[in-house]
Structure formats: C-alpha cells, structure tokens
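Trainee: Attaching a single structure in structure tokens format; questions to follow.
The values are calculated or read from the model by the stated rules, or taken from the named source; none is laboratory data. What you see is a predicted model; the values in this text were computed from it and never measured. Cβ coordinates were reconstructed from backbone atoms using ideal geometry, including for glycine residues, and neighbour counts include every protein chain displayed.
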C-alpha cells in the first residue's frame, strides 16, 4: 500500500527537490517519525542528510520565540494578575478562583489561536451580560453590578496577563500561536529553505496566516490529504475545512490544490460490530486480532476512541501478537498507587477531632502500598481495630501496637497534615519509602509508577514554593488532581514494529491496511457538545470561533481519513446504553452506510456471549475420614443446641462453622448489632440474678435491680465495646431500648410477685451436658449448653431461655414431631427441648415441668411455654413429661444419625 507520506516524498523526489534542504511541517511528532521511515525506503541507495522535520507545535515555538507553559503554571500566573487588578475589591482564594479561571484561560487560548480582536470581543461580551440583566430589572443590585464589573474586567485581565507572560518570554499555547502569526514575516526574511506542509486539516486562524504567508512568497508547498468523494459532496463534514481553504485562500486562485485523491471509493471490507460493554469490546477486538496473520500485524492499527480501554485491551491481546507499539501513555490516574494517595487526601482533607475514622484507616491499611510500607503489621492493626471495635483511633494508639521502625511510616500516613508544606513533605517521604521497599523486591513496573509520583510531588513542591497561594489541603488536593489528569506513564518500544496502538490524534497522516477502531459511539466519536467556555454560541459564530459543529468536523475528518486507504476496517461500538462509553452507535456508522461506494462491502453484526442455561445445583461436601474424625471430636465435646439448629437451617453452614471452624470476620460495629444487644441484656440479667440462686425472689430484689439498670448496662456495653460512644445517635437509641427491655422484664417479674406467686431462682446461666445414647454409633454422643434460667414458680419447675428477638406461641407449639428437624421454624423448640432434656437427665425421676422462652420483644405474652397438641383446635399440653422426651429423642437421634452418616453429604439449602 502506498501511504500518504510516501506519496508526498515520491512527488518531491520526482521534482528533483534536494530533500536535505527542505523543512517538513507535520501535525504531530509521530507523523514525523513515520516520515523518516518512508525516507529510508525511498532513499535506500543514497546517502542524504535527514531534512529538518518539525511538528506544528515545535515550529510555532521556534517562530514565536516563546516557551510554552502548562495549564497549571498559567493558572498561577493568572492568579497574580487577578490579585493585582482592582486590589480594593475582595478577592477569592486560589481554590475558588481556579474553579472559573481555567475556563477563562481556555477562552483566552481560543481567542489568541484564532487571532481575534480582543478589545471589541470583550466589549461585546460584557455588553451581552449587561443586556441580559437589564431585562431582569432596571435598577441593578450590588450583586449584579459586581457581576457586570467582572465581565468588564476581562479585557484588563487579558491585557495584563498577556503582557506579564510576554515579559517572561513564556505563554500558553494560544499566545504562542498569536505571537508566531505576528512574527512570521520576520521569520520569512531570515529563512530561505522551502517548507513542506504535510497532511494538515483544521487550521486555526494563526496557522492559516502562517501557512498563507509561507505559500504566497514561494517558501512553502502544501500537501493536503483530501478525497474526491468528500470534496465533491458539500454536505460531508470530512472535507469541510479543505473545501474552505481551496475556495477562500488567495493562493489557490492561481495554484492547484494538492491533493485530491480517490482512495475512499477503492475496495474495502468494512465490518460494523456491536458488542455489549467495554470489556466485551476488548474481548471481541482480541478475537479479531487473533485472526490477522502475523505478517500483516505490522500494518494494522488499533485506534482507541476512548483511551480508557487501553488496559482492558492490553489484557485481551491474543498470543499471536508478539510485539506492540503504544503511542499513547497510560494515564497516571489509572496507576494503582493513585488510589492510595486518593485515600490519604480524603483522610487528611477533613480531620476529625475525635480521631481517625476506622473505615478510612482500614481502607488505607488494606492497600498494597501500605503493605509495602508496613508489611504484616498492616494486617495485625486491622485485626486489632476490628477486635476492639474502635470507631475513632488516635495515631498514638496505632503506634503503641507496632515496633519502633514502623512508627515513622504510621506517622507519615496518619499524623494530621497541619499545612501544605507538611503534606508535600510527607507525600515525598512516603514515595521515598515505597521506592526503597520496591528496590528490594525488584518490581520494575511498580517502581516506574512510584517514580512518576515522585515527579508529581516534586512539581507540586516547586509550584508551592514559587506561588504561595495554596493554603489548604483541599486546594492542594485539587491541584494534585489537575496534575494527575495531565500526566501519563509513557511506554517505550520500537515505534515501527508490531501492532500499532494509538489514539485518534496520533493517527494523523498515518495509513494502515487494517484499521480497528473501538468505542465508535455517540459522545465518544464524535465527542459531542461541551460547554467548557464563557463565550456564548452566538458570539462564537459572530467571530468565527470554532463551535461543536467545527469540532465534529475534525472528528469526521480523522475518522474518514483513517479508513481512506485501508482495505479491512473493523468498527466496534458498545451496544449498551448505560455506563461510561455507552449509548447509541455513532452517526459515522450510519453515514458509512449512506456513503457506501460500489466497491465497499459493509457488514453489520452484533456480538453476544453464549449464556449457558443455569442449572441450580446445590453445593455439596462429601464426608471423608478427616470430617468424620472432627465430628467425633464434636460429639465428645458436646453438640450445642445452636449447632443442631444450624444444621437444620443449612448443613453447609454447620460444616463451615463447626467442622472447619471458620469464624465470621470481625468487623467494627459503629451501631450496636442485634446479637450484641442480646449479649449485653443476658449478661446484665446474669449479674442481677446470679447472687439469688437457691433463694426466693422478692420485691426488694427487683427494686434494687431497677435502680441499677443504667449503671449495669453501661458496664456491659463497655465490656463489649470499650471505645464505642453510646451517648449519641443510633447507639443511644439502642441503649435506651436495652434499658426499656430490662425494665419491662423486671416489671413483669414484679407483677407476678404482687399476684401472690412464689418464685424461687434455682440456677442462672447453668452449664448442662448429657449423653444421647445412639446404638447405631460406636462412639458416645453428648449435647451441651448453657441454659439462661431455671426456676420454680409456685413449686413447678421451669426451664427458661431468653430471646431478645420476637417469639410467639406458634414458634414452639408442635403438632407433628417430624417437622421439628425438617422446618427451621421450630428451631427454638429444638433448643428449648435440648435444655429441658439436659435438666431432666440431672433428675430423671422428677415430676413433669415446663420449658419455654421469655421474648423481650413480646413481653406481654409472658412465659411462652413449649407445648404439644393433636390439632389446631385443641389446646396445647404444656407439661413436659417422659413421653415428650421419648418423641423428641426419636427426632434428635434421626438428626444426629444424618449428621454422622458418611453417605449423606453436607448439602446446601436455599435459605
């Protein structure tokens, strides 16, 4: 394939131009590299000096005599102007100023690039704002007057800002362009070499002035990359600018317009591929690449309309791709370490007087960079925080739990950044510590990330020392984010070998036989409308400044120019309309179908993943010798009622908790959990009732207990949560609920005594254990548990289990004994009968007794007794006798035999 750059060089070669004496101006540095490559292929048998090849930015810098500054430096220079103009007026701090100043600098940039008469422009703009408010009210308020004063000051801002930069021989991009357009005549006087203008399209006014000046004096030749089809169709935006230059430039009234080729109409195989989601695009492109022969990969370009797809695509490359060249950099904000510093800034931006919030601490300690700094210490600190349930932590407490050499790292991370200088110093020290640690590991990629963050914080330090306007951590964070958005991690490699990864702008002047373009969606390609400007649309039109129409035309040109000479074109778009990069497919795809030429083969299809039919197979764990051995140990130690009901609920949970011994991860509870509330209430009642074992409860006992409710509950909460604040918020409400539960319970006890009953406390939190004789098993089986309370009410024995949740009579009223081990609903019956049976085994000859539950959420129900009944209409029999235990043991043995049956796996139940 004959590329555009090769055509230009062959044309110059045929005219006998001495190539070494020429100056080539190209749209980008990358185009210059490919131009040198083509020079080698044409002048293989000759020795020549390589001509001077300049990108347009390099040429503008050379002609203007100014040094270009970045947006950050321009912002600070502008802030100094802002402070000096109308110094008597109140001035905004830098953080507030930067919110609108960046947009204004962008507008200054456009005004200069298009060489607009700034005096009339800013007068026009301020008048528009004045008229807008004149319609609102005739008498302008002070606020409106200040607002209009701002617009009237724009001319002063611009003039002073421009003069300041010119005095320092520096400038933002637009100022360099304006200055170059003013200096081009002087440049022409001293420069006699011919300039070859290669492959340009959308020129700003400054560039047009420069190019026309060079052309008119015979110091330049321009080679445009136009196509007959687009040039002949006035509706087509791909040639919007080229038609304009051909028709309006004085030079082309007497000279031919070079060139208008007919490449787009050549034979092409174009595939429009709809794929759901960005990851789907990456996977689909990987499959496309795997089908391209290795010999053709070097002449293949993968163009990313959305550069955020770079990492997914890198991870989706097939094994057939042995080498790649990536022209774009990896945005530094995508580096893993950027998230770490994001968390640090979030923590430090708004320090809390109560200490460091545990979630922020755990988030930072869980990150990879923190592990680099602290090693295993980071995990132990997280464990301690969770174990002690500490919501707000001090640095001193953290340092008290680590060895001496880790204290400095903790201080760098968590010591409050008192000012910007401290913040920058700490960040640079963190980077240095990371570098030292990574050096030992030898991770080159991670070291490269850290090096770039070293550069970022050095840049921030230089800016801070040169411009003392960053006074808060918030302002520093905003500046840090701005710098991070513009910095990238550059890839190194051989520029002409392998698959070419590039963005849309890097594709200028380059041609490939196979082109794959990703994210061909509206809002991405073309980018769509954006309102990042103070200049109204009508004013832009009046002064011929570019609007979204011209910007769309630029995207259109790049898109069509990419596929002009290509033979195989794959255009991939996201079919999903939600998320980043989603939405409808690009208008370019619709237009391609309209523009279809006779030699074009356009195929459209949608890619979808094969979704297998999901068969809901419950998870099963077979029992082996190790499992059976663990079960035997459990049997000897004693199966608790909770373990038995856990198996009824879900055998797999029983396996995880009791066989494998997997515990739930300890997490910090900001709000008191329901199970902890139950623990606190149980412990408080144990403290109250334990001294009364084997004695009769009296009203005096209850009055004393009531007077100590608050103190005792506070003690119990302190044991569970040593650092938790229960004086405010939800925790205060939960504490009051606990008080109310205990108070209501003691009040219900009072009512019993006032009704003349005798209540004797036999035991509190009594540990019980008994053997279940199962002949089918060769080893002993025990059940064990701690029963909350055993008492005698008017001489009748009661076994009582406390529940802080809601329990009703139906939960422990049984008609069909088979249900007790089948339906988890009856789990409370399983538990209370287990306690009753263990108590019964202590004295098998005792009379019938009662067992049941006291529900703190249903205290009005009183003592909810376990009962059996033959039908719904019959009243329950609440007496627990030997006959009841016989029925219970039949079911209990059946359950235990299932647990210990080697042929019955632990099978997951839907809960």
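Trainee: Return the total of residues in segment 220-245 being closer than 22 Å to residue 187 by Cβ and touching a strand residue (DSSP E or B) at 6+ places or on another chain (Cβ under 6 Å). Walk me through it before giving the result.
Mentor: Initially, segment 220-245 is screened for residues closer than 22 Å to residue 187 by Cβ, giving 220-223, 245.
From the residues that got through so far, the ones that are touching a strand residue (DSSP E or B) at 6+ places or on another chain (Cβ under 6 Å) too are 220-223.
Number satisfying all stated conditions: 4.
Trainee: Let me ask something additional. Quick one: count up the residues across segment 810-827 that are touching a residue at least 60 places away in the same chain (Cβ under 8 Å), within 52 Å of the chain's Cα centre (by Cα) and either assigned to a helix (DSSP H, G or I) or surrounded by 18 or more Cβ atoms within 10 Å (Cβ to Cβ) (or both).
Mentor: The qualifying residues number 6.
Trainee: Return only the number of the condition from (1) surrounded by fewer than 20 Cβ atoms within 10 Å (Cβ to Cβ); (2) assigned by TED's automatic domain parsing to the domain that holds residue 282 that residue 465 does not satisfy.
Mentor: (2)
Trainee: Please enumerate the residues belonging to segment 191-202 that are within 24 Å of residue 510 (Cβ to Cβ) and surrounded by fewer than 19 Cβ atoms within 10 Å (Cβ to Cβ).
Mentor: First, pick out the residues of segment 191-202 that are within 24 Å of residue 510 (Cβ to Cβ): 194-202.
Residues satisfying the conditions are 194, 202.
Trainee: Let me ask you something else. Looking at residue 103 and the list (1) more than 20 Å from residue 486 (Cα to Cα); (2) surrounded by fewer than 19 Cβ atoms within 10 Å (Cβ to Cβ), which single condition is not satisfied?
Mentor: (1)
Trainee: So which of 883, 851 ends up being without any contact (Cβ under 8 Å) to a residue 60 or more places away in the chain, in the same structural domain as residue 635 (by TED's automatic domain parsing), in contact with a strand residue (DSSP E or B) (Cβ under 9 Å, 6 or more places away or on another chain) and outside any loop (DSSP other than H, G, I, E, B)?
Mentor: Sole residue among the options that is without any contact (Cβ under 8 Å) to a residue 60 or more places away in the chain, in the same structural domain as residue 635 (by TED's automatic domain parsing), in contact with a strand residue (DSSP E or B) (Cβ under 9 Å, 6 or more places away or on another chain) and outside any loop (DSSP other than H, G, I, E, B): 851.
Trainee: If you check residue 744 against the conditions, is it out of contact with any helix residue (DSSP H, G or I) (no Cβ under 6 Å at 6 or more places or on another chain), farther than 27 Å from residue 393 by Cβ and either at pLDDT 90 or above or surrounded by fewer than 12 Cβ atoms within 10 Å (Cβ to Cβ) (or both)?
Mentor: On the way: out of contact with any helix residue (DSSP H, G or I) (no Cβ under 6 Å at 6 or more places or on another chain): no; farther than 27 Å from residue 393 by Cβ: yes; either at pLDDT 90 or above or surrounded by fewer than 12 Cβ atoms within 10 Å (Cβ to Cβ) (or both): yes.
Judged against the criteria, residue 744 is not a match.
Trainee: With the condition being under 29 Å from residue 599 (Cβ atoms), I'd like the helices (runs of 4 or more DSSP H) fully within segment 200-273 carrying at least 3 qualifying residues. Break it down into steps so the answer makes sense when it comes.
Mentor: Values: elements: 205-216, 228-232, 240-248.
Qualifying helices (runs of 4 or more DSSP H): 228-232, 240-248.
Trainee: Now for a different question. Answer with yes or no whether residue 557 is at pLDDT 90 or above and over 24 Å from residue 284 (Cα atoms). I'd like the intermediate steps shown before the answer.
Mentor: Values: at pLDDT 90 or above: yes; over 24 Å from residue 284 (Cα atoms): yes.
So residue 557 passes the test.
Trainee: Now for a different question. Please indicate, with yes or no, whether at least one residue in segment 389-410 is under 23 Å from residue 482 (Cβ atoms) and out of contact with any helix residue (DSSP H, G or I) (no Cβ under 6 Å at 6 or more places or on another chain). Spell out how you get there, then give the answer.
Mentor: At the first step, the residues of segment 389-410 found to be under 23 Å from residue 482 (Cβ atoms) are none.
No, there is no match, as no residue in segment 389-410 is under 23 Å from residue 482 (Cβ atoms) and out of contact with any helix residue (DSSP H, G or I) (no Cβ under 6 Å at 6 or more places or on another chain).
Trainee: Now a separate question. Look at residue 126 and say whether it is in contact with a helix residue (DSSP H, G or I) (Cβ under 8 Å, 6 or more places away or on another chain), at pLDDT below 85 and either in the same structural domain as residue 475 (by TED's automatic domain parsing) or in a helix (DSSP H, G or I) (or both).
Mentor: Yes, satisfied.
Trainee: Looking at residue 31, is it farther than 30 Å from residue 221 by Cα and either in a helix (DSSP H, G or I) or in contact with a strand residue (DSSP E or B) (Cβ under 8 Å, 6 or more places away or on another chain) (or both)? Explain how you work it out, then say what you get.
Mentor: Values: farther than 30 Å from residue 221 by Cα: no; either in a helix (DSSP H, G or I) or in contact with a strand residue (DSSP E or B) (Cβ under 8 Å, 6 or more places away or on another chain) (or both): yes.
No: the conditions fail for residue 31.
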